[in-house]
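Below is one structure, written out as C-alpha cells, with a few remarks after it.
Read the figures in this text as sums done on the coordinates, not as results from a lab. Please read all numbers here as calculations on a predicted model, not as lab measurements. Ideal geometry is used to build each Cβ from the backbone, glycine not excepted, and the neighbour counts take in all protein chains shown.
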Amino acid sequence: MTRKKTQKPQRHEVGFHVALLVETSHEFGREVLRGIRDYEKTLGSHWAFYLQPDGMRQAAPRMGSWPCTGVIARPFTPAVTRLLAASGLPLVLLDPSARHQGHDLSHAQIPYITTDADAIVDMAFGHLQDCGCRGVAFVNTAEETVWSATRERAFTALAARCATPCHVYGTQAKDMTWERDIRALGAWLARLPRGLGVFAATDQRGRHVIEACRETGLRVPDDVVVLGVDNDPLLCELCAPSLSSIAIDAHRAGMEAARILHALMRGETVAPHTRILVQPTHISRRQSTASGFSHDRLVAEARRFMFTHYASSGLQITEIARHCGVSRRLLETRFAMAMRRTLLHELTEVRMERARALLRDSLETVTDIARACGFSDPNYFTKAFRQRHSLSPLKYRERARRGTP
C-alpha cells in the first residue's frame with residue numbers, strides 16, 4: 001500500500017525586512033499601514049514587518065537580532081530621525097518637521113511624504129464659508145507640532161486674504177492637564193463672537209473644542225461650528241454632537257512611502273529630498289457643521305431638523321414645515337431665498353452625503369446603507385445614486401477605496 005506524501009506547509013519567501021515606526025492609535029497611521037500592506041501585496045515577494053511598539057514610544061529594532069533592510073517612520077523628535085539617518089539604512093519619513101529636514105540632516109537627503117497644508121486649509125475654509133460663518137478660528141494641537149503650525153500659518157494667511165476675522169488658540173504648556181486645557185479653551189471660545197467657524201488641527205483637538213463648548217454653554221452648531229482633520233470615524237462619533245472632518249488620503253501616503261522605500265532597498269536612485277504631497281479627499285459632514293449659520297432662523301431650524309432626522313424614510317417636506325410651525329410653501333420660499341436651492345435638493349444631498357461616507361468608510365451592504373440614509377427602496381436609492389454620480393454605489397465604493405472617488 002502506497003503511503004500518501006505529507007504536504008509541507010507553504011512557506012513565504014521573505015524579500016525585505018521593513019521597520020515601521022508609525023503610531024497606530026489614530027486613523028492616519030492605520031491608513032498608512034494599510035497602504036504599505038497593499039503595496040507589498042502587489043509584489044512577488046513577501047516583506048517581514050517590524051511594527052512600532054504600542055503607544056507613542058518609538059523604538060527601532062535591534063539590528064543585530066533582526067536583519068532590517070529599510071525603515072518607514074513618522075518620527076516624533078529630531079533625535080529619532082538622526083538615529084535612523086545614522087544607521088545608513090534606506091529610510092522614508094512621513095510628515096517630518098522642518099528640523100528633521102534641516103541642515104543637520106542635509107547630508108542624508110531623506111525622501112519624505114507630507115500632507116498638503118494649503119489644500120487642507122482651502123477645503124476647510126471653503127466649508128466654513130458654506131456654513132455662513134462670520135469669522136473663523138484655528139485651534140492648534142495641545143503640544144507643539146510642526147505640521148499643526150504649518151496649517152495654522154496657511155489658515156491665517158487665507159483668512160487675511162479673504163478679509164475674514166481670524167482667531168488662533170496656540171499650543172499650551174507641557175505640564176497643563178487635560179482638565180485645565182479644556183477650561184482654558186472654553187474660556188477663550190466664550191470671549192469670541194458667535195457665528196464662528198472653528199478649524200481644529202486634528203480630530204482629537206476637534207473633540208476637545210466640542211467638549212469645551214459644552215462646558216462653557218456654547219451650542220454646537222448653533223453658536224459655533226467645528227471641523228477637524230483625519231476623519232477618524234471612532235473619534236468623530238465619540239462626541240456629541242458628532243464631529244465633521246476632512247479626510248486625508250493616508251492610504252496613498254503609505255503606498256508612496258512603500259514604493260520609494262522599495263526602490264531604495266533595491267539600490268535604485270531616488271532624487272534627493274524627494275517630497276510627495278498627500279491631498280485631502282473630501283469632508284465627512286456630521287452634526288458639528290450640520291446646519292451652519294443663517295440670518296433666517298427658520299431656515300437654520302429646518303436644516304437642523306433635516307440633518308437630525310434624515311434617516312427616517314418617512315421624512316417629508318411637510319413634516320419639516322410642521323416642525324418649524326409654518327406652511328410648506330412659506331418654508332420652501334424662505335429656504336430657496338436663503339440657500340439658493342430647494343428643500344428637497346437639500347434633503348436628498350444630506351442623505352447622499354451620508355451614503356457616500358458609509359460606502360467609503362463601512363462594510364455595510366448597499367441595502368443597509370440605503371435604509372440607514374432614509375431610502376426605503378434600495379433599488380430607488382441605486383437609481384438615484386447613479387443619476388447623481390454617474391456610477392453605481394458599488395462602483396463608487398470600489399473607486400473610493402482605490403483613492404479615486
Item to complete: Any chance you could run the full-extension gain for ARG341 through HIS26? It's 0.36 nm times the residue separation minus the Cα-Cα distance, nm to one decimal.
Response: 109.7 nm
Worksheet item: Can you give me the relative contact order of the chain as a percent, contacts being Cα pairs under 8 Å and 6 or more apart?
Response: 14
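What number, in nm² with one decimal, is the all-direction average of the projected area of the convex hull of the alpha-carbon atoms of the stretch 297-395?
One quarter of the hull surface, i.e. the mean projection, equals 6.3 nm².
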Response to the item:
the stretch 297-395: relative contact order from alpha carbon pairs under 8 Å, six or more residues apart, as a whole percent, is 26
Item to complete: May I ask which residue of ILE260, VAL278, SER288 lies farthest towards the positive end of the charge dipole of the stretch 252-291, with charges of +1 (Lys, Arg) and -1 (Asp, Glu) on Cβ and the Cα centre as origin?
Response: SER288
Discussion item. Between ALA184 and THR269, what is the label-point separation in nm under the 7 Å Cα-to-beta-carbon projection?
Written reply: 5.1
Discussion item. For the chain, take N as its residue count and report Rg(C-alpha) divided by 2.2 N^0.38 Å.
Written reply: 1.13
Discussion item. Could you tell me the center-to-center distance, by alpha carbons, between the stretch 22-50 and the stretch 327-405 in angstrom?
Written reply: 32
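How large is the dipole of the chain about the Cα centre if only Lys and Arg carry +1 and Asp and Glu carry -1, each at its Cβ, rounded to the nearest 20 debye?
1160
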Worksheet entry | Projected label distance in nm at ARG194 and LEU277, using a 7 Å step from Cα toward the beta-carbon | 3.9
Item to complete: Select from THR281, THR141, THR333 the residue whose mean-square fluctuation is largest in a Gaussian network model of the chain (Cα-Cα springs shorter than 10 Å).
Response: THR333
Discussion item. Compute a Gaussian network model of the chain, connecting alpha carbons closer than 10 Å, and tell me which residue from PHE305, PHE125, PHE28 fluctuates the most.
Written reply: PHE305
Worksheet, complete the sentence: Fewest-first ordering of MET255, MET337, MET352 by Cβ atoms within 10 Å yields MET337, MET352, MET255
Worksheet entry | Student exercise, the stretch 297-395 dipole from Lys, Arg, Asp, Glu Cβ charges, in Debye to nearest 20 | 340
Worksheet item: Ranked highest first by the average count of other Cβ atoms within 10 Å around their residues, in what order do 44-50, 222-228, 185-191 fall?
Response: 222-228, 185-191, 44-50
Worksheet entry | In degrees, nearest ten, helix 27-41 long axis to first principal axis of the chain (Cα) | 50
Practice prompt. Neighbouring Cβ atoms within 10 Å as the yardstick, rank ASP95, ASP38 fewest first.
Written response: ASP38, ASP95
Worksheet entry | Lys/Arg +1, Asp/Glu -1 at C-beta; the chain dipole; positive extreme among PRO241, GLY228, SER45 | SER45
Fill in: Projected label distance in nm at SER45 and MET176, using a 7 Å step from Cα toward the beta-carbon
5.0
Worksheet item: If you take the beta carbon distance between ARG37 and ALA79 as r and set R0 to 35 Å, what does 1/(1 + (r/R0)^6) give as a FRET efficiency, to the nearest 0.05?
Response: 0.80
